[in-house]
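**Student:** Below you'll find the structure I mean.
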Amino acid sequence: MPHVTTPDGVKLYYEETGSGTPIVFVHEFAGDYRSWEAQVRYFSRRFRCIAYSARGYLPSDVPPNVDSYSQEHARDDVLAIMDGLDIKKAHVVGLSMGGFATLHFGLKYPERALSLSVCGCGSGAHPDRHEAFKEDSENNARFILKEGMKRFSETYGLSATRVQLQNKNPRGFADFQRYLGEHDVTGSAYTMRGYQSRRPSLYTLMEQLKTIKVPMLIATGDEDEACIEPSVMLKRLISSASLTVFPASGHLINLEEPDLFNATIDSFLDLVESGRWQPRDQRSKSAMLARDLTR
């Protein structure tokens, strides 16, 4: 079974398809390496695609210590995958929890990123929601440990930003919910407790985020309420970023709208690969926006 080993000894399972410039796909909390199947099938025609399961997600290792799960570990696991596969630079595409990891990867290791696709990123990030999100994450961890993943998948899987997938693609939703129910109890609970409930608010990192120069695509669904405002904030802060909003879509945009998602990412990568991706023209920023960003 293919895997790479992180510096702290965790084995991460991965699947590799295709050849060419590498793309590393980083999944969300409720997903795993299988979440990217539609993207791997599409992009492997001309890219080297790597999808992996995060620590705590089978068939990767499930560390027994909650301190082995954090925003820093998730960020550095992207690097471990690349180092383990002798990849010097890659396009990194992440959704939700994976979007946070992708963003933090770009902050810490910009020299290793060809581009960053930060999708569905922002849950719990807004200052008005941050403490409640941390509390919700801890409550989710307790629920998982008490009730198990099958029961958790029946509740969390039907959250306000996931019902869109159920309405658009019942068969795809059934697969999503089944995969979530198969996840390891300890790994999922500790991911909630160690990673989700402890990650910093993006709004405390605004000065650092301004320094990102790597080409970035920010993507969110227009019904993903928790991610819309943070996505706009990121767009305003990061001069190398562009923002796209998927209509009538929730949190799982790569599953809900795979054709649109693939075409959007493909167009972005084409601009980056051809050297035509340009930072924002500073003349496009209004005086009002400049005042907002200094507050």
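**Student:** Against the definition (under 14 Å from A125 (Cβ atoms) and not polar (S, T, N, Q)), how does P215 come out, yes or no?
**Tutor:** Numbers: under 14 Å from A125 (Cβ atoms): no; not polar (S, T, N, Q): yes.
Answer is no for this residue.
**Student:** When you scan the range 126-171 for helices (runs of 4 or more DSSP H) that lie fully inside it, which ones turn up with 2 or more residues that are in contact with a Gly (Cβ under 9 Å, 6 or more places away or on another chain) and more than 30 Å from T204 (Cα to Cα)?
**Tutor:** Working: elements: 130-147, 149-155, 163-168.
Those helices (runs of 4 or more DSSP H) span 149-155, 163-168.
**Student:** Further question: Kindly check whether there is at least one residue in the range 128-142 that is farther than 27 Å from M233 by Cα and surrounded by fewer than 16 Cβ atoms within 10 Å (Cβ to Cβ).
**Tutor:** Filtering the range 128-142 down to residues farther than 27 Å from M233 by Cα leaves 139-142.
Filter once more, keeping what is surrounded by fewer than 16 Cβ atoms within 10 Å (Cβ to Cβ): 139, 142.
Yes, the range 128-142 contains at least one residue that is farther than 27 Å from M233 by Cα and surrounded by fewer than 16 Cβ atoms within 10 Å (Cβ to Cβ).
**Student:** Take T186 and decide whether it is touching a Pro at 6+ places or on another chain (Cβ under 9 Å) and surrounded by fewer than 20 Cβ atoms within 10 Å (Cβ to Cβ). First the steps, then the outcome.
**Tutor:** Values: touching a Pro at 6+ places or on another chain (Cβ under 9 Å): yes; surrounded by fewer than 20 Cβ atoms within 10 Å (Cβ to Cβ): yes.
Yes.
**Student:** Is at least one residue of the range 134-148 of a type in the set (A, V, I, L, M, F, W, C) and at pLDDT below 95? Working first, answer last.
**Tutor:** Of all residues in the range 134-148, those of a type in the set (A, V, I, L, M, F, W, C) come to 141, 143-145.
Checking which are at pLDDT below 95 leaves us with none.
No; the residues of the range 134-148 include none that is of a type in the set (A, V, I, L, M, F, W, C) and at pLDDT below 95.
**Student:** Could you tell me whether the range 200-210 includes any residue that is closer than 26 Å to V62 by Cβ and in contact with a helix residue (DSSP H, G or I) (Cβ under 8 Å, 6 or more places away or on another chain)?
**Tutor:** Applying the first criterion (closer than 26 Å to V62 by Cβ) to the range 200-210 yields 200.
Pick out the ones that are also in contact with a helix residue (DSSP H, G or I) (Cβ under 8 Å, 6 or more places away or on another chain) and you get 200.
For the range 200-210, residues closer than 26 Å to V62 by Cβ and in contact with a helix residue (DSSP H, G or I) (Cβ under 8 Å, 6 or more places away or on another chain): present.
**Student:** Considering only the range 53-65, state which residues are crowded, with 24+ Cβ neighbours inside 10 Å and charged (D, E, K, R).
**Tutor:** Listed by number, the list holds a single entry, R55.
**Student:** Next question, about the same structure. So D86 fits all but one of (1) surrounded by fewer than 24 Cβ atoms within 10 Å (Cβ to Cβ); (2) part of a helix (DSSP H, G or I); what number is the exception?
**Tutor:** With respect to (1) surrounded by fewer than 24 Cβ atoms within 10 Å (Cβ to Cβ); (2) part of a helix (DSSP H, G or I), D86 is out only on (2).
**Student:** Additional query: Which condition breaks for L103 when tested against (1) of a type in the set (A, V, I, L, M); (2) assigned to a helix (DSSP H, G or I); (3) surrounded by fewer than 24 Cβ atoms within 10 Å (Cβ to Cβ)?
**Tutor:** Among (1) of a type in the set (A, V, I, L, M); (2) assigned to a helix (DSSP H, G or I); (3) surrounded by fewer than 24 Cβ atoms within 10 Å (Cβ to Cβ), the lone unmet condition for L103 is (3).
**Student:** What do you reckon, is G148 out of contact with any Leu (no Cβ under 6 Å at 6 or more places or on another chain) and touching a residue at least 12 places away in the same chain (Cβ under 8 Å)?
**Tutor:** Details: out of contact with any Leu (no Cβ under 6 Å at 6 or more places or on another chain): yes; touching a residue at least 12 places away in the same chain (Cβ under 8 Å): yes.
Taking the combined requirement at face value, the residue satisfies it.
**Student:** Further question: What helices (runs of 4 or more DSSP H), lying completely within the range 177-274, carry at least 1 residues that are hydroxyl-bearing (S, T, Y) and over 30 Å from D67 (Cα atoms)?
**Tutor:** On the way: elements: 185-190, 206-209, 225-237, 253-256, 258-273.
Output list reads 258-273.
**Student:** Hey, can you tell me all the residues within the range 154-172 that are touching a residue at least 40 places away in the same chain (Cβ under 8 Å) and either touching a strand residue (DSSP E or B) at 6+ places or on another chain (Cβ under 9 Å) or crowded, with 16+ Cβ neighbours inside 10 Å (or both)?
**Tutor:** If the condition is that a residue be touching a residue at least 40 places away in the same chain (Cβ under 8 Å) and either touching a strand residue (DSSP E or B) at 6+ places or on another chain (Cβ under 9 Å) or crowded, with 16+ Cβ neighbours inside 10 Å (or both), then Y156, G157, T161, R162, Q164, L165, K168, N169, G172 are the ones that fit.
**Student:** Among the numbered conditions (1) in contact with a Leu (Cβ under 7 Å, 6 or more places away or on another chain); (2) crowded, with 23+ Cβ neighbours inside 10 Å; (3) not in a loop (DSSP other than H, G, I, E, B), tell me where V78 comes up short.
**Tutor:** Condition (1) is where V78 drops out.
**Student:** A follow-up question, please. If I go through the range 23-52 residue by residue, how many of them are surrounded by 22 or more Cβ atoms within 10 Å (Cβ to Cβ) and in a strand (DSSP E or B)?
**Tutor:** 9
**Student:** Against the condition acidic (D, E), modelled with pLDDT under 95 and either exposed (fewer than 13 other Cβ atoms within 10 Å of the Cβ) or at negative phi (or both), how does D259 come out, does it pass? Can you show your working first?
**Tutor:** Values: acidic (D, E): yes; modelled with pLDDT under 95: no; either exposed (fewer than 13 other Cβ atoms within 10 Å of the Cβ) or at negative phi (or both): yes.
Answer is no for this residue.
**Student:** Quick check on my filter: what residues within the range 242-256 are of a type outside the set (S, T, Y) and surrounded by fewer than 22 Cβ atoms within 10 Å (Cβ to Cβ)? Don't jump to the end; show me each part of the working.
**Tutor:** Going residue by residue through the range 242-256, those that are of a type outside the set (S, T, Y) are 243, 245-248, 250-256.
Hits for the range 242-256 are L243, V245, P247, A248.
**Student:** Go through the range 219-239 and report how many residues are surrounded by 18 or more Cβ atoms within 10 Å (Cβ to Cβ) and either small (G, A, S) or modelled with pLDDT under 95 (or both).
**Tutor:** Residues flagged as surrounded by 18 or more Cβ atoms within 10 Å (Cβ to Cβ) and either small (G, A, S) or modelled with pLDDT under 95 (or both) within the range 219-239 amount to 4.
The values are calculated or read from the model by the stated rules, or taken from the named source; none is laboratory data. Source: prediction; values computed, not measured. All Cβ positions, even for glycine, are placed from backbone atoms using ideal geometry, and neighbour counts span all protein chains on display.
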